[in-house]
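S.K.: Please find one structure pasted underneath; my questions will follow.
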Amino acid sequence: MSEIPYKIYLSENEIPSAWYNVRADMKNKPAPLLNPGTGEPLKAEDLYPIFCEELSKQEMNNDDQWIDIPGEVLDFYKMYRPSPLVRAYCLEKALGTPAHIYYKFEGNNTSGSHKLNSAIAQAYYAKKQGLKGVTTETGAGQWGTALSMATAYFGLDCQVYMVKVSYEQKPFRREVMRTYGATVTPSPSMTTNVGRKINEEFPGTDGSLGCAISEAVEAATSQEGYRYVLGSVLNQVLLHQSVIGLETKAALDKIGVKADMIIGCAGGGSNLGGLISPFVGEMLRGENQYEIIAVEPASCPSFTRGSFVYDFCDTGRVCPLAKMYTLGSNFMPAPNHAGGLRYHGMSTILSQLYDDGYMKATSVKQTDVFAAAEQFARVEGILPAPESSHAIKVAIDEALKCKETGEAKNIVFGLTGTGYFDLVAYQKFNDGVMDDYIPTDDDIAKSLAQCPKL
Ligand SMILES: *Cc1c(COP(=O)(O)O)cnc(C)c1O
C-alpha cells in the first residue's frame, strides 16, 4: 500500500530511559501549589505527609529536563511497551481524506489504558520508601485497575475509593481490582469523616472524583505507612506519561514524518500532557510548530468554559490549592459515560500552556463521541474507551476538513484505551437512549463562585 507500515513499532531498547520534564523548558512555569490554610506556596517537604518523598520532589521539579526512569520501572514497561503507533489507513480510506492519521495506542495492557505508565512509577517509589501501601480514588476504574496491577507487582497494599456511580455501573472493573488484591470502597463512603460529611450535604449523591480524592487522602494520612497516589492532574503524572510522547516522536522520526496536528482527550490532562510534552518542548525552545488540540466533554468543559484560578483539587477541600482551568471543586458533572473525563480541574502545566497559547481546546457532545467511536471500531478494529473517543471524534472532524481543503496533514492522536468495561454506555448509544447533558452558564457560575478568594 505504501512504504509506511500499519504499525510503527520501536524495539524494546528504544523505550526511553528518562522521562522528559516539559516544565524545564517553560518560561512561564506552572503556578505553585498553595497551602489551603495559609495561602503560602508549598515546598516538597510539605507534601511528604501525603505523597512519597521522591514523588513530592518530582512534583516540585521545574528545572531538570530529564529524569531517569528507574531500572525496575523500565523492566515493567518492557512487559507492555513500546506501544504501537498505528497509521489509520482504514479510517483514512473510509473518510476519503488526504490527511494521514496516526494514533498512539495505549490500551494494550490489562488495565486497558495509559494509566499504568504512572501507576508503576508511583508504586515503585512507594516501595522504595518502605511504605506498607497506598490509597487512591478511581473514577471509571482504569486508574484503580492500573494501580492494583502495579501494587501487586511490588507487594504493596492498595485501597481504592471508587466513585459510587462507577462502582455500581462497572462491577467488572471492581473485580479486576480485587483480583489484583486491592480493597475497593464506593465513594462517598461512611468510612471517612469527609465521606460522611459529603453524604450528609448531598444525600444520595453519585459521588465524584473530587469526593473520592478527599476520602483517599484522609485514609492515607490517618494510617501509618500509607501515602496517597493520584492517577492524573499532577505534574509527576504528566512527567511519567511523557513516555507516550517520547515513543511517538521516536516512531515518527523513524519514518521521517513530522506531525502537523496532535490531538488528545483531556480529563486531568495526563495522557495529553504526556503525548505532547516532547513536541511542546520543541515549540517552547522555538524549534518547531505544532497545532495541539485538547478535547473535553461538553458535560465537563474545564478548558472551554472554566476559569484559570486557584481552586481546591478535591470536593472535601483537604488538598493543596492549584492554579488551573477549573469548573469549581463543587462541580458535579452529569453522569456522562466518559468517567475518566469528569474531573472539575485540569493539570496546572496544561493550564499554563493553554493560557500561553501553545494549545487549543474544544468540547464535544457525548452522542457525537460514540458515533465516532463506532465508526472507528468498525474500520480500525479496536473497541475504543469513551474517553479516547473524544480524540477520535476531533481527529475525524479535522481529517474531514482536510478533505475539503485538499491538505494532506499529518494528524496524530492519542488512543488512550479500550472500552470493554464501557458496554453499558455503548448499549445506551445503540438503543438510542443516550443523552447529551450540557451544564448551563448558571450551573458553572454557581460552582465557580465557590473557588477560594485569595
Ligand atoms: C483516565 C483516562 C483518561 C483521562 O485522563 P487524563 O489524565 O486526562 O489522561 C483518558 N482515557 C482513558 C482511557 C483513561 O483511562
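The values are calculated or read from the model by the stated rules, or taken from the named source; none is laboratory data. Since this is a predicted model, take the numbers as computed values, not measurements. Neighbour counts are summed over all protein chains in view; Cβ atoms, including those assigned to glycine, are modelled from backbone coordinates with ideal geometry.
S.K.: Only one of Phe421, Phe429 is in the same structural domain as Ile382 (by TED's automatic domain parsing) and modelled with pLDDT of 95 or more; which?
M.R.: Only one candidate passes the filter, namely Phe429.
S.K.: Can you find a residue that is modelled with pLDDT of 95 or more, over 24 Å from Leu252 (Cα atoms), within 13 Å of the ligand (Cβ to nearest atom) and not in a loop (DSSP other than H, G, I, E, B) anywhere in the range 401-415?
M.R.: Taking every residue of the range 401-415 in turn, none turns out to be modelled with pLDDT of 95 or more, over 24 Å from Leu252 (Cα atoms), within 13 Å of the ligand (Cβ to nearest atom) and not in a loop (DSSP other than H, G, I, E, B).
S.K.: So which residues in the range 169-191 are in contact with a strand residue (DSSP E or B) (Cβ under 8 Å, 6 or more places away or on another chain) and either more than 16 Å from Tyr420 (Cα to Cα) or not in a helix (DSSP H, G or I) (or both)?
M.R.: Arg178, Tyr180, Gly181, Ala182, Thr183, Val184, Thr185, Pro186, Ser187, Ser189, Thr191
S.K.: Another question, then. Could we say that Ala395 is touching a residue at least 12 places away in the same chain (Cβ under 8 Å), surrounded by fewer than 20 Cβ atoms within 10 Å (Cβ to Cβ) and farther than 17 Å from His337 by Cβ here?
M.R.: No: the conditions fail for Ala395.
S.K.: Output the residues belonging to the range 33-58 that are assigned to a loop (DSSP other than H, G, I, E, B) and touching a residue at least 40 places away in the same chain (Cβ under 8 Å).
M.R.: Those that are assigned to a loop (DSSP other than H, G, I, E, B) and touching a residue at least 40 places away in the same chain (Cβ under 8 Å): Leu33, Asn35, Pro36, Gly39, Leu42, Pro49, Ile50, Phe51, Cys52.
S.K.: Whether any residue in the range 155-163 is in the same structural domain as Pro203 (by TED's automatic domain parsing) and part of a helix (DSSP H, G or I) is what I want to check.
M.R.: no
S.K.: Right, next: Given the criterion out of contact with any Asp or Glu (no Cβ under 8 Å at 6 or more places or on another chain), more than 23 Å from Tyr9 (Cα to Cα) and free of Cβ contacts under 8 Å to residues at least 12 places away in the same chain, identify the matching residue among Glu296, Glu287.
M.R.: Unique residue meeting the criteria: Glu287.
S.K.: Give Gly264, Gly274 a once-over and let me know the one that is farther than 21 Å from Glu398 by Cα and either within 16 Å of the ligand (Cβ to nearest atom) or not in a helix (DSSP H, G or I) (or both).
M.R.: Unique residue meeting the criteria: Gly274.
S.K.: Let me ask something else. Quick one: which of Leu42, Leu55, Leu33 is aliphatic (A, V, I, L, M), closer than 30 Å to Ser222 by Cβ, crowded, with 19+ Cβ neighbours inside 10 Å and not assigned by TED's automatic domain parsing to the domain that holds Glu218?
M.R.: Just a single option satisfies the conditions, and that option is Leu33.
S.K.: In the list Ala377, Ala334, Ala361, Ala371, which residue meets the criterion of being closer than 30 Å to Met26 by Cα and surrounded by fewer than 22 Cβ atoms within 10 Å (Cβ to Cβ)?
M.R.: Testing whether each residue is closer than 30 Å to Met26 by Cα and surrounded by fewer than 22 Cβ atoms within 10 Å (Cβ to Cβ) leaves just Ala361.
S.K.: Condition test on Ser363, is it more than 25 Å from Ala216 (Cα to Cα), in the same structural domain as Gln427 (by TED's automatic domain parsing) and in a helix (DSSP H, G or I)?
M.R.: no
S.K.: Mind checking which residues of the range 66-107 are of a type in the set (S, T, N, Q) and closer than 20 Å to Leu272 by Cβ?
M.R.: Across the range 66-107, the qualifying residue is only Ser83.
S.K.: I've got another one for you. Among residues belonging to the range 208-233 that are in a loop (DSSP other than H, G, I, E, B) and within 16 Å of the ligand (Cβ to nearest atom), point out the one that is nearest to Cys313 (Cα to Cα).
M.R.: The extreme case among them is Val233.
S.K.: When you look at Cys319, is it assigned to a loop (DSSP other than H, G, I, E, B) and within 12 Å of the ligand (Cβ to nearest atom), yes or no?
M.R.: It is false that Cys319 is assigned to a loop (DSSP other than H, G, I, E, B) and within 12 Å of the ligand (Cβ to nearest atom).
S.K.: For the range 177-184, check the following and say yes or no: at least one residue is more than 16 Å from the ligand (Cβ to nearest atom), within 12 Å of Leu230 (Cα to Cα) and crowded, with 24+ Cβ neighbours inside 10 Å.
M.R.: No, that holds for no residue.
S.K.: I'd like to know if the range 345-357 contains one or more residues that are outside any helix (DSSP H, G or I), surrounded by fewer than 24 Cβ atoms within 10 Å (Cβ to Cβ) and modelled with pLDDT of 95 or more.
M.R.: The answer is yes; a qualifying residue exists.
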